[in-house]
1. Could you please find all residues in segment B:31-46 being within 19 Å of B:Thr121 (Cβ to Cβ) and in contact (Cβ under 8 Å) with a residue 60 or more places away in the chain?
2. Within segment A:56-74, work out how many residues are assigned to a loop (DSSP other than H, G, I, E, B), within 26 Å of B:Arg271 (Cα to Cα), more than 11 Å from every other protein chain (Cβ to nearest Cβ) and out of contact with any Leu (no Cβ under 7 Å at 6 or more places or on another chain).
3. If we scan segment B:132-152, do we find a residue that is more than 14 Å from chain A (Cβ to nearest Cβ), crowded, with 24+ Cβ neighbours inside 10 Å, more than 22 Å from B:Ser219 (Cβ to Cβ) and over 13 Å from the mean Cα position of the chain (by Cα)?
4. Where in segment B:186-274 are there helices (runs of 4 or more DSSP H), lying fully within it, with 3 or more residues that are within 12 Å of chain A (Cβ to nearest Cβ) and touching a residue at least 60 places away in the same chain (Cβ under 8 Å)?
5. Within segment A:24-43, is even one residue facing chain B (nearest Cβ under 7 Å) and modelled with pLDDT of 95 or more?
Amino acid sequence: MKILLFGVLTDVVGKSKLDVNATDINSLKEILLNEFPDLNKYKFQFAVNKEKVERNIRLSEGDEVALLPPFAGG
Amino acid sequence: MKSHSYRLLQADKNSRIGVIDLIISAIMLNKEEITRYSKQLLLSEIGKAGQEKLKRSRVLVVGAGGLGCPALQYLAAAGVGTIGITDFDVVDETNLQRQLLYSSEDVNRSKAMVATEKILTLNPFIQVVPINLKFESENAIELISGYDIVLDCTDNFETRYLLNDACVLLDKPFVYGGIYKFEGQLSVFNYKEEGRNKGPTYRCAFPEMHSGQALLNCSLTGVIGTLPGIIGTLQANEVIKMITGIGEVCSGKILVLNTLTLSFAEIKINRNENLWCDIPKSIEELKTKIYFLSSPGVLI
């Protein structure tokens, strides 16, 4: 599934899009944190198919998951 | 005796006329304003009624930096009747690349004062209130209370959470703008549209702050100058829409702009009061809450 990254998370991962398969949000988070441990330094939210999710939900192959951090600058 | 009473009556009548004139001038457009705003008056969506709503409105801009400068220019030019400008900082040479209200000769001068002078030159028919103070727990409620809409043009998470909490307690909508290098975010929080439920707040989008992330501001990460110009202008645009009641307000979602790929993404956000546990329960509680922490990694 397509993973979209924004802001500082793009800097951590080195690109703004990833292709990762996971069964749910928790397992996706685990995979990403294993591969990019520096993601642990930042707070960010998950959105599935352009809607923010508050809990662990099942993911399907065609889903698009976005990792959204807040932006401090102004 | 008769003539004395007559003079008194005349004076009373004149002062009454003076007050009435003042009231009329505060809510109605004069000839010069009708010319000045003619291109907005031509828009059937705005017209005279919308322009008078702008004139009667009061908007507070918190932060006169990258986002605040363009927002202030467009709000002033559009004819927002009263604009408050909160900023305790002075103009720095490194601001000039993106904060276009300021010129080289303004370096080291108060941003709130310079911004006030500049936008009053742009539009002398509005009222501008410079507030050369740091926006803090102790004064947040007092500063926001007199305004209809607030703009979050700040450059740190602490002030953003404080501003959110104060607006929630005072039931005011606020327009959030945030930037990072080449990317920007925009949303209208705590907005109630007629016939709909109230929209989400900043804490519904980002429930808790990680102060380690607070270091990611423009002065440390760098920022492309055009980005705050775009996001700040969009913030002013949302304000004009809310005041005049036109279009669809950017509530219930965060708009994310990437200026390098010129792509816009929208993330839907739901109002969720279960995420509000860090919002003070009362104005008194907010005034004593500590938002500004120095130790990194502490959640508030």
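1. Across segment B:31-46, the qualifying residues are B:Glu32, B:Glu33, B:Arg36.
2. Going through segment A:56-74 one residue at a time, the tally reaches 4.
3. Yes, segment B:132-152 has at least one match.
4. B:202-205, B:226-244
5. No, that holds for no residue.
The values are calculated or read from the model by the stated rules, or taken from the named source; none is laboratory data. Because the structure is a prediction, the values reported are computed rather than measured. Cβ coordinates were reconstructed from backbone atoms using ideal geometry, including for glycine residues, and neighbour counts include every protein chain displayed.
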